[in-house]
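Undergrad: Got a structure here, written out as structure tokens. Questions coming.
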Amino acid sequence: MSMSIVCQRFCRTGVALSPRITSFLGSSSSIRRCCEEHSSRRGNSSSAHVGADHRFDISRTIRNGHNPRRGSFAMSTAPEAENPTRPSIHPTVESIRSARKSYGPSVSVGFVPTMGALHEGHLSLFRAARSENDVVVASIFVNPTQFGEGEDLEKYPRQLEKDVDLLASIGVDHVFAPSSDTMYGKNHVTYLEPTGFDKTREGIARPNHFRGVATVVAKLFNIVQPTNAYFGQKDAVQCVLIRRIVDDLNMNINVRILDTVRERDGLAMSSRNAYLMAEQRDKAPIVYKALCAAREVFESRFARGMEEVDAAALQEVVENILRTEPLISEVQYVAVDDLETMQPLEKVGSGGCIVSLACILGTVRLIDNIVLS
Ligand code: AMP
């Protein structure tokens with residue numbers, strides 16, 4: 001939503017307010033006051049500054065039905081402000097549903113499902129959602145059905161307060177943070193079974209994982225009713241799965257996939273990186289180095305005029321590099337798959353591929369991938 005549209009309505013600079021926004025805002029006196037104040041200050045403000053002020057005020061107005069910052073135009077109101085308004089926390093389905101309902105169907109809602117312990121990778125999704133939607137909703141839920149036996153469900157990092165602080169700094173409006181009992185009542189029997197996903201390399205390594213992911217994402221989509229939903233390329237099979245769910249079940253949701261965010265040394269950001277001991281953390285960038293070596297092989301063969309590359313050659317180069325690191329106790333898989341379906345390829349042509357891997361470093365399972373095209 002462009003703030004200048006609202007501003008123009010109330011400051012009478014001649015451009016009509018979009019009907020979507022007018023119907024939502026009605027005759028909000030706080031916006032009117034805000035813009036009147038803007039009008040009187042306009043002579044002193046750069047247009048960029050004014051635009052930012054209004055962006056902040058309107059998003060809060062939409063969320064809360066009032067403008068908590070009216071009269072505070074001298075403050076920095078960039079999206080990541082120092083003293084941001086905190087998102088509303090919703091522990092129940094009824095609560096987040098009623099917030100969603102209050103906006104009406106024409107307000108765009110960006111949704112980022114997470115398991116919390118937020119890092120810059122998550123935050124990149126929230127920033128995109130913030131810039132592309134009227135309202136931003138996060139979910140923080142460590143979903144038990146996607147964890148297998150012996151996995152880290154109990155020790156998965158949980159830090160709701162800290163996460164909410166981070167989300168506040170980005171201007172997220174609502175956080176849905178249900179308990180397991182809320183999501184899976186004692187009579188819960190319905191699961192989504194995404195055919196074939198248990199046969200992907202990640203699915204073989206984590207039996208029932210994608211059934212759990214598919215089920216929880218479908219439930220969250222039904223609860224939040226987003227316009228746009230944001231996911232990270234870091235979880236490559238998950239991205240393909242979400243697109244399938246939305247297509248197969250005819251959900252009216254735009255799926256946005258964003259690039260993997262990495263540490264400076266190339267390690268893909270992950271909540272599980274916190275488990276790495278110092279020495280393991282030092283060695284962890286080898287995972288991305290191995291994937292980059294596959295990219296070099298891929299690019300050099302095409303540069304030499306070859307039309308196809310053997311998937312086995314790409315796998316081998318990655319595995320060989322990973323095996324040079326003694327702290328890597330197991331390479332669970334190195335897969336070369338089709339970009340759209342995550343089905344294994346034997347030959348990689350100009351359509352490209354995705355090279356993905358999972359390995360155990362110390363006691364930590366690391367996954368990563370690189371798209372070659
Ligand atoms: P999680 O909390 O691990 O379930 O992740 C929530 C979302 O954040 C998923 O869509 C992930 O793919 C995404 N994500 C996790 N790590 C990264 C990263 N390093 N870069 C981009 N997206 C990420």
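No lab work stands behind these numbers, since they all come straight from the coordinates. All of these numbers come straight from a predicted model, not from anything done at the bench. Backbone-built Cβ (ideal geometry, glycine too); neighbour counts: all protein chains shown.
Undergrad: With a cut-off of at most 11 other beta carbons within 10 Å, and DSSP calling the residue loop, which trypsin sites (Lys or Arg not before Pro) in segment 108-157 qualify? Please list them.
TA: Within segment 108-157, the qualifying trypsin sites (Lys or Arg not before Pro) (loop, at most 11 other Cβ atoms within 10 Å) are Lys155.
Undergrad: Which loop GluC sites (Glu not before Pro) in segment 134-164, with loop taken from DSSP, have no more than 15 other Cβ atoms within 10 angstrom of their Cβ?
TA: Filter output for segment 134-164: Glu149, Glu151, Glu154.
Undergrad: Something else about it: Report the local net charge at Val331: Lys and Arg +1, Asp and Glu -1, summed over other residues whose C-beta lies under 15 Å from its C-beta.
TA: After counting each charged neighbour, the total is -1.
Undergrad: Straight-line reach from Lys283: which lysines have a Cα under 20 Å away, not including same-chain ones fewer than 8 places off?
TA: Lys234
Undergrad: I need Ile360, Ile321, Ile370 ordered by Cβ neighbour count within 10 Å, fewest first.
TA: Placing the least packed residue first, the sequence is Ile360, Ile321, Ile370.
Undergrad: On to the next question. Which lysines have a Cα less than 18 Å from the Cα of Lys101, not counting those fewer than 8 places away in the same chain?
TA: Filter leaves Lys219.
Undergrad: Moving to a separate point now. Taking the beta-carbon count within 10 Å as an exposure proxy, list Ser271, Ser106, Ser350 from fewest neighbours to most.
TA: Ser350, Ser106, Ser271
Undergrad: To the nearest 20 debye, what charge dipole does segment 181-246 have about its Cα centre, counting +1 at the Cβ of each Lys and Arg and -1 at the Cβ of each Asp and Glu?
TA: 100
Undergrad: Roughly how big is segment 114-228's charge dipole about its Cα centre, with Cβ charges of +1 (Lys, Arg) and -1 (Asp, Glu), in debye to the nearest 20?
TA: Using only the charged Cβ atoms, the result is roughly 220 debye.
Undergrad: How many angstrom separate the Cα center of segment 181-222 from the Cα center of segment 227-253?
TA: Centre-to-centre (Cα) distance: 13 Å.
Undergrad: What do you get for trypsin sites (Lys or Arg not before Pro) in segment 257-357 restricted to DSSP loop and a cutoff of at most 11 other Cβ within 10 Å of the site's Cβ?
TA: Within segment 257-357, the qualifying trypsin sites (Lys or Arg not before Pro) (loop, at most 11 other Cβ atoms within 10 Å) are Arg264, Arg304.
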